[in-house]
Amino acid sequence: MRQPAQFGGPSVEKMLGALPVVADFCSRLRIREFVDAACPVRDLAELTHGQVIEALVANRLTSPAPLVHVQQWARAWAVDETLGIDPDLLNDDRIGRALDAVAPHLDHLVGSVGLAAIETFGIEVSRMHWDMTSISLHGDYDQAEQGFPAPKYGHPKDRRADLKQIQAGIAVSGDGGIPVFARAFDGGAGEVAQVTGTMKQLQALAGRQRLLMIGDSKLISYPNLAAMTAEQVTFIAPASKTYVPAAALAVLDLAQATAVDYIAQRDAGKPADQRGSWQVLEDTMTVAGPRKKDPVVAVRRIFVHSSARAHAAANARALKLERARDELARLERALGSRHYPSQAKVADRVAVIARQRRVSAYLRTEIGTDPGTGKPTLAWELDQDAIDAEAATDGWYALLTNLDPDQVDAAQVLLLYKKQEAVERRYAAFKGPLAVTTLYLKNNRRIAALITVICLALLIFCLVERQVRQALAARGEQKVNGLYAGRPAVPTGRLIFDALAGIRIIPGHLATPPVIPQPTPTQLDLLYLLGVDPRQLR
């Protein structure tokens, strides 16, 4: 006969998860050391600022929580055993004071930890991928503290135009996509204006190596091109219509283009005849400065044609034209009704259709009044010549670069640019596993500090992924057994941390040492690949 369950005492187990890994990587990056050197505390303090920052990094990598709940997280996880921090000391006031303390030293901290990562893990930083994103904020922040990024309204990536934002920029290495540089910016800062300053900081990280900087279209402006040319920094970035207008793309002859040996990741499993194709053409152009005395900058212009982009553009245009025709036909049937009794009402509706369906470039209308009935009239057409002119540009875009054509041909320029997705993947982790969505903190000083903490967590997240992949490659493998739903899988930061999350620890008592229940084979393999023994506690 089945016996009823009984309530017992509270569980003594704690979550261990990836904390030993985080503690090991924090130690190798010397995060605590750099923070404590920049922000020393009194001898009477029970916690240093470096310990608090290290705990925040660990929280972001294991179980992200609002600052007010970090203490609760520390009690449930083996923070004392792995980081040597008493959870009761991690209250939100102590965390806030640590953020306040490190805020004036963020550039120094990021630079020091970035250099430590480069030296300790042997990261190649001659090619860097740069991009910026926005982080929406709850709160008014009317009294922003000077000297720190100010929350402002802007053009948020999450389309929350009702919220103020702070912007963040990260630069990831071509070697493993490691974010060795990060910085917070004003919510209203223009991305174009941040390139030159970022370039100089990346040069410092690259040392004597010549830097290749790859970014989006915001990389391209005359001041940026002139600065990079003067500093002998090479670059690749797509050109906006300001520099390469649609008319320049419409006259290109695809028959003259050279095919590129490139398969997009989304096409990897498809038959050859169903994969997208890529072709390139090349010429040169000059970019002039705003003043006559400004020297022109000569650059290579790589025209790229993507069959996938061409098909997507054609399908999108056909869909919006179909919807526009349908809505215009319905408007014609409703002319003179109570909804559209006048020319003004009809004109307003036509303007809405043109804007929402994005057909302003080829919608031609004539609105009048029937003298016999007094009802408004509407004659419209979609200009086929304008449609054809737009269709001629389908699939084409231009890349600008100053790389030496004798060393890097047009196809290689495209292949280098295609690696820009590395920074986009890191932002996906930044706003996914590390749970950076909408923030609310006391002031902009703490916002800047917390964003830097999250970027340090992202650095460790990516280093863990890189080290597992390198260790696998050393033994001739690419996948970890049982990593995804019990099946072998290529290791990603998210899969690695998810797999390690289930490890637990039974705290020791007096002379009894802590006990770690036997990890799974997959967990043991990951720990071996990372060179971390979870039994070696601080």
- Query: Simple spin-label model, 7 Å along Cα-to-Cβ: GLN470 to ARG97 in nm?
  - Reply: 3.9
- Query: Under a 5 Å amide H to amide H cut-off, with H placed in plane at 1.01 Å, what residues pair with PHE235 once short-range neighbours are removed?
  - Reply: MET213, ASN402, LEU403
- Relative to the present Cα-Cα distance, how much length would full extension add between ALA344 and ALA379 at 0.36 nm per residue of separation? 11.1 nm
- Binned at 10 Å from 0, what are the whole-percent values of the Cα-Cα distance distribution for the chain, short to long? 3, 14, 21, 22, 17, 12, 6, 3, 1, 0, 0
- Item | Per-pair calculated FRET efficiency, R0 = 25 Å: ASP283 and ALA386 via Cβ, rounded to 0.05 | 0.45
- For the chain, which whole-number percentage of the solvent-accessible area (1.4 Å probe, protein heavy atoms only) is attributable to carbon and sulfur atoms? 50
- Item | Cβ-based net charge around LEU29, under 12 Å, with every Lys or Arg adding one and every Asp or Glu removing one | -1
- Note on the structure: Given unit charges at Cβ for Lys, Arg (+) and Asp, Glu (-), the dipole magnitude of the chain about its Cα centre in debye, nearest 20, is 800
- Using θ = phi - 60° and Karplus 6.51 cos²θ - 1.76 cosθ + 1.60, couplings along segment 126-138 (whole Hz; Gly, Pro as x): 6, 10, 10, 10, 10, 7, 10, 9, 10, 10, 6, 10, 8
- Note on the structure: Highest mean packing first, using Cβ neighbours within 10 angstrom, the peptides 400-413, 332-345 sort as 400-413, 332-345
- Query: Using Cα atoms only, what is the angle between the long axis of helix 92-102 and the major principal axis of the chain, expressed in degrees (0 to 90) to the nearest 10?
  - Reply: 70
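Highest mean first, what order results for 288-301, 421-434 on Cβ atoms within 10 Å?
So the peptides 288-301, 421-434, ranked by packing, come out 421-434, 288-301.
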- Message: Can you compute the modelled spin-label distance between LEU415 and VAL251, with each label point 7 Å from Cα toward Cβ, in nm?
- Response: 3.2
- Query: Modelled label-to-label distance, ARG291 and LYS442, 7 Å Cα→beta-carbon offset: nm?
  - Reply: 4.7
- Query: Which pairs, out of LYS320/LYS375; LYS345/LYS375; LYS157/LYS218, put more than 21 Å between their alpha-carbon atoms?
  - Reply: LYS320/LYS375
- Query: Using θ = phi - 60° and the Karplus form 6.51 cos²θ - 1.76 cosθ + 1.60, what ³J(HN,Hα) does each residue of segment 495-505 get, whole Hz, x for Gly and Pro?
  - Reply: 5, 5, 5, 5, 5, 7, 4, x, 6, 10, 9
- Task: Return one number: the angle in degrees, 0 to 90 and rounded to the nearest 10, between the long axis of the Cα atoms of helix 421-430 and the longest principal axis of the Cα atoms of the chain.
- Result: 60
- Query: Debye sum, Cα scatterers, segment 270-324, no solvent: what log₁₀ I/I(0) at q = 0.15, 0.22, 0.29, 0.30 1/Å?
  - Reply: -0.70, -0.87, -1.06, -1.08
- Task: Collect residues whose amide H, placed 1.01 Å from N in the peptide plane, falls under 5 Å from the amide H of GLU282; neighbours closer than 5 in sequence don't count.
- Result: PHE303
- Note on the structure: Per the rule of 0.36 nm per residue minus the C-alpha distance, extending VAL352 to ALA5 adds in nm 118.4 nm
- q = 0.16 Å⁻¹, segment 378-442: log10 I(q)/I(0) [Debye, one scatterer per Cα]: -0.80
- Message: Check which residues have an amide H placed less than 5 Å from LYS152's amide H, if you skip close sequence neighbours.
- Response: GLN165, GLY187, GLY188
- Message: I need the phi-derived Karplus couplings for segment 43-58: 6.51 cos²θ - 1.76 cosθ + 1.60, θ = phi - 60°, integer Hz, Gly and Pro marked x.
- Response: 4, 7, 5, 7, 10, 8, 5, x, 5, 5, 5, 4, 5, 5, 4, 4
- Message: Can you tell me, using C-alpha contacts under 8 Å and at least 6 residues apart, the relative contact order of the chain as a whole percent?
- Response: 19
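The values are calculated or read from the model by the stated rules, or taken from the named source; none is laboratory data. The model shown is predicted, which means the values in this text are computed figures rather than measured ones. Virtual Cβ from ideal backbone geometry, glycine too; neighbours counted across all protein chains shown. For the accessible areas, the whole protein counts, side chains as well, though only heavy atoms, and no ligand, DNA or RNA atoms are used. Shrake-Rupley method; radii C 1.70, N 1.55, O 1.52, S 1.80 Å.
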